[in-house]
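S.K.: Below you will find the structure I want to go over with you.
The values are calculated or read from the model by the stated rules, or taken from the named source; none is laboratory data. All values reported here derive from a predicted model rather than from experimental measurement. Heads up, the Cβs are rebuilt from the backbone with ideal geometry, glycines too, and the neighbour counts pull from every protein chain shown. Note: accessible area is taken over every heavy atom of the protein model, side chains too, but ligands, DNA and RNA are not part of it. Shrake-Rupley method; radii C 1.70, N 1.55, O 1.52, S 1.80 Å.
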Amino acid sequence: QVQLAESGGGLVQTGGSLRLSCAASGNIFSMNAMGWYRQAPGKQRELVATVNRGGLTNYADSVKGRFTISGDIAKNTVTLQMNSLKPEDTAVYYCNADMLGYSYWGQGTQVTVSS
């Protein structure tokens, strides 16, 4: 079993900042990458940002320049700093861990940006 514990999230005004953190525990083996996805009401879950064990990052175009992902894959932790938040960033944010092609998910944390 693998558990992903998320923290952060909440309600913020447009232009504000939030920080999400995630820590993986349990039967962890060969962590390849960790990242964040989000799902807004009525929409499909989408990639926000990922970081792999080599430190290579990947961002959705919609968050480039505003969000920064950082991770210590060796310690199984990942953080997402979100700045200049917009109402369209409102969603449930999910932490993801990829281990040898197996994907694990956190329970999700709500981010709401008011206009």
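S.K.: Starting from residues that are open to solvent by 50 Å² or more (accessible area, probe 1.4 Å) and modelled with pLDDT of 95 or more, keep the ones in the stretch 16-29 and report whichever is farthest from Tyr93 (Cα to Cα).
M.R.: Ser17
S.K.: Of everything in the stretch 69-98 that's open to solvent by less than 60 Å² (accessible area, probe 1.4 Å) and part of a helix (DSSP H, G or I), which residue is nearest to Ser21 (Cα to Cα)?
M.R.: Ile73
S.K.: Which one of these is modelled with pLDDT under 95, surrounded by fewer than 18 Cβ atoms within 10 Å (Cβ to Cβ) and either out of contact with any Gly (no Cβ under 7 Å at 6 or more places or on another chain) or of a type in the set (Ser, Thr, Tyr) (or both): Arg45, Arg66, Arg53?
M.R.: Sole residue among the options that is modelled with pLDDT under 95, surrounded by fewer than 18 Cβ atoms within 10 Å (Cβ to Cβ) and either out of contact with any Gly (no Cβ under 7 Å at 6 or more places or on another chain) or of a type in the set (Ser, Thr, Tyr) (or both): Arg53.
S.K.: Same structure again: Report every pair of residues separated by at least 6 positions or lying on different chains whose Cβ atoms are under 9 Å apart, first residue within the stretch 25-49 and on the phi > 0 side of the Ramachandran plot, second part of a loop (DSSP other than H, G, I, E, B).
M.R.: Short answer, once both residue conditions are applied: Gly26/Gln1; Ser30/Arg53; Ser30/Leu100.
S.K.: Is it the case that Asn32 is out of contact with any Lys or Arg (no Cβ under 8 Å at 6 or more places or on another chain) and open to solvent by 40 Å² or more (accessible area, probe 1.4 Å)?
M.R.: Judged against the criteria, Asn32 is not a match.
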